[in-house]
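Written below as structure tokens is the structure these notes are about.
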Amino acid sequence: DHSDIFSDDLRLLGCDASCQAILLAKRSASDITNIEYREALAEDLNQTSQSFDLVLLIHVLEHVPDMLKLIHEASKMAKIIYINVPIEATPLYSLRPGVFAAQFRRFGHIHFFDEAFFREFLEANNYKVLHSGYSYDYLGQSFSVARIIFRPMRSFASLVFGPSFSNALFGGISSTFLVQAP
């Protein structure tokens, strides 16, 4: 039940280019009644001159050819943008032959990030990073041998050296950025 988070006067709009993603979102948030869903691109929403308090770009930028254009389109709708990107450009990922091609084939990823690069990219394009953190959304997705082996190592490195070090070395955790548009 999400009633403690989403009040009745809060208006939410979920948008995705994939009808399957929209169906999945509807199922996972079926108890929230004040969400409107649209199968659309961000550029399509800008055509309607709608404005929002906050735009969320969650696991989107790794799929779009021109990620700066999409961030710019989002900044036309809201001055504050929450961005979540998977961290995959790490030594561990690079040592696994074919992993980036597999990420492309399986998930459609065409960009691969590390945390320092993405922060620098945002700041170089005049987006002010108000806050950054981590999303552990991938940790429960599968129980492959690699995940079983590296999860304790990732946890230990995070505990001893901090999540930023662990993420830079192992990846597998998403970085989150709350940014203010120029």
Cβ-defined net charge surrounding residue 25, 13 Å radius [Lys, Arg +1; Asp, Glu -1]: -1
Listed residues 154, 96, 105 arranged by accessible area, highest first, probe 1.4 Å: 105, 96, 154
Within the chain, percent of DSSP bridges classed antiparallel, to nearest 5: 60
In degrees, nearest ten, helix 145-161 long axis to first principal axis of the chain (Cα): 90
Summed side-chain charge close to residue 164 - residues other than residue 164 whose Cβ falls under 15 Å, Lys, Arg +1, Asp, Glu -1: -1
Around residue 15: net Lys/Arg minus Asp/Glu count, Cβ-Cβ under 11 Å: -4
Residue-by-residue Karplus 3J(HN,Hα) for the stretch 174-182, coefficients 6.51, -1.76, 1.60, Hz, glycine and proline x: 7, 9, 10, 9, 9, 10, 10, 5, x
Heavy-atom accessible area order for 9, 31, largest first, 1.4 Å probe: 9, 31
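At 222 nm, what value in deg cm²/dmol follows for the chain if DSSP H runs of at least 4 each add -39500 (n - 2.57) and the sum is divided by all its residues, to the nearest 500?
So the helix-based figure for the chain works out to -12000 deg cm²/dmol.
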Heavy-atom accessible area order for 148, 83, largest first, 1.4 Å probe: 148, 83
Interchain or long-range residues, amide H under 5 Å from residue 57's placed H: 82, 83, 84
Charge dipole (the stretch 63-139, unit charges on Cβ, about Cα centre) - positive-most of 132, 116, 77: 77
Share of carbon and sulfur in the accessible heavy-atom surface of the chain [1.4 Å probe, %]: 59
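The values are calculated or read from the model by the stated rules, or taken from the named source; none is laboratory data. Owing to the predicted nature of the structure, the values given are computational and were not obtained by experimental measurement. Note that each Cβ is placed from the backbone with ideal geometry, even for glycine, and that neighbours are counted across all protein chains shown. To get the accessible areas, we keep the full protein, side chains included, count just its heavy atoms, and leave off ligands, DNA and RNA. Shrake-Rupley method; radii C 1.70, N 1.55, O 1.52, S 1.80 Å.
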